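Here the structure comes first, spelled out in structure tokens, and everything after it is commentary.
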Amino acid sequence: MDYLYHILVIALIYVIFASSLNLELGYAGLYNFGHVAFFAIGAYTSALLSLAGFSPAASMAIAVLCSAASGALLAVPALRLSGDYFGIATLAFGELARLFALNERWLTKGPMGLPGIPRPLGIEAGISGIPVYFFFTVTITAAVLLILRKTTMSPFGRALKVVREDEFVARAFGKNVFSLKVRAVAMGSLFAGLAGALYAHFVTYISPYDFSLNETILVLLCVVLGGKGTLSGPVLGAFVIILFQELLRFLPIPTDWGRFVSPIQGMIYGAVLVILMLKRPEGIIPEHRT
């Protein structure tokens with residue numbers, strides 16, 4: 001039962017992570033290939049602060065704000081680029097964040113990672129605390145989805161869709177397209193940071209290898225598979241992908257092939273992502289268009 005709780009917690013964290021990217025990709029039409037950087041910023045900020053003596057709850061709150069601020073700071077120069085160049089700039093930022101965590105050992109301990117990250121609200125470390133952390137994560141996820149629902153149904157959310165479809169039409173209606181995009185990136189980064197903080201305090205150990213390009217592909221796949229531009233799409237996509245990942249653990253793979261599993265997995269996810277975007281870009285749950 002504890003194993004099931006563990007899988008569900010990871011899936012819920014990826015629901016938040018995928019939903020945060022969906023706000024940028026599905027609603028604003030921004031292909032942010034460096035979204036994992038804000039997941040990492042949230043995880044490392046919360047972990048470092050809590051290990052320095054701050055309460056985990058306060059650390060998570062600060063981490064969320066730092067992720068949002070980082071997203072806004074990146075968006076201001078990056079959004080001046082158009083089309084593919086924006087995606088390349090965000091991809092470079094994501095790799096820069098990973099290399100910073102890998103090389104700045106004085107702060108992040110580099111490849112050694114950060115162990116012993118405490119859990120919030122006095123939740124016990126180890127297996128015994130997993131069921132309580134599950135209900136904590138359920139509460140946070142429900143709150144995030146409710147906020148995103150209200151946001152996407154608000155005038156701001158509708159304006160983002162207009163920007164996604166045609167920026168010139170949005171400008172004709174008097175919308176500040178640049179401001180809308182910056183706010184979308186900042187809000188998406190905020191929730192990505194929250195997902196990262198939840199992840200760090202759940203596994204109680206993080207390293208730069210947790211925030212590689214594979215994670216970017218994985219979260220993109222969650223959004224595209226489930227259905228971008230919908231609230232339920234990323235939720236479904238996250239559960240399908242995480243459960244599929246876990247099923248792979250039970251395959252009778254020879255020990256000598258262990259080192260090939262991760263690269264092959266990344267290649268498979270990348271290929272599936274390309275096929276989906278070419279053959280069924282609307283995903284499992286297509287967006288309802290009026």
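The values are calculated or read from the model by the stated rules, or taken from the named source; none is laboratory data. Because the structure is a prediction, the values reported are computed rather than measured. Counting neighbours? That spans all protein chains shown, and the Cβs are built from the backbone with ideal geometry, glycine included.
Some notes on this structure:
- For the range 50-63, a residue qualifies if it is crowded, with 24+ Cβ neighbours inside 10 Å and not polar (S, T, N, Q), and the qualifying residues are M60, A63.
- The number of residues in the range 61-108 that are within 17 Å of the chain's Cα centre (by Cα) and among the hydroxyl-bearing types (S, T, Y) comes to 3.
- Flag for A47 being closer than 22 Å to V235 by Cα, crowded, with 20+ Cβ neighbours inside 10 Å and touching a strand residue (DSSP E or B) at 6+ places or on another chain (Cβ under 6 Å): no
- For the range 221-248, a tally of residues being more than 14 Å from L8 (Cβ to Cβ), crowded, with 16+ Cβ neighbours inside 10 Å, out of contact with any Phe, Trp or Tyr (no Cβ under 7 Å at 6 or more places or on another chain) and without any contact (Cβ under 8 Å) to a residue 60 or more places away in the chain returns 3.
- For the range 97-118, the set of residues classified as surrounded by 13 or more Cβ atoms within 10 Å (Cβ to Cβ) and of a type in the set (A, V, I, L, M, F, W, C) consists of A97, F100, A101, L102, L114, I117, listed by residue number.
- Flag if V274 is modelled with pLDDT of 80 or more and not basic (K, R): no
- Any hit, the range 153-163, residues being crowded, with 19+ Cβ neighbours inside 10 Å, among the small types (G, A, S) and touching a strand residue (DSSP E or B) at 6+ places or on another chain (Cβ under 8 Å): no
- Test: residue in the range 123-140 that is of a type in the set (F, W, Y) and without any contact (Cβ under 8 Å) to a residue 60 or more places away in the chain: yes
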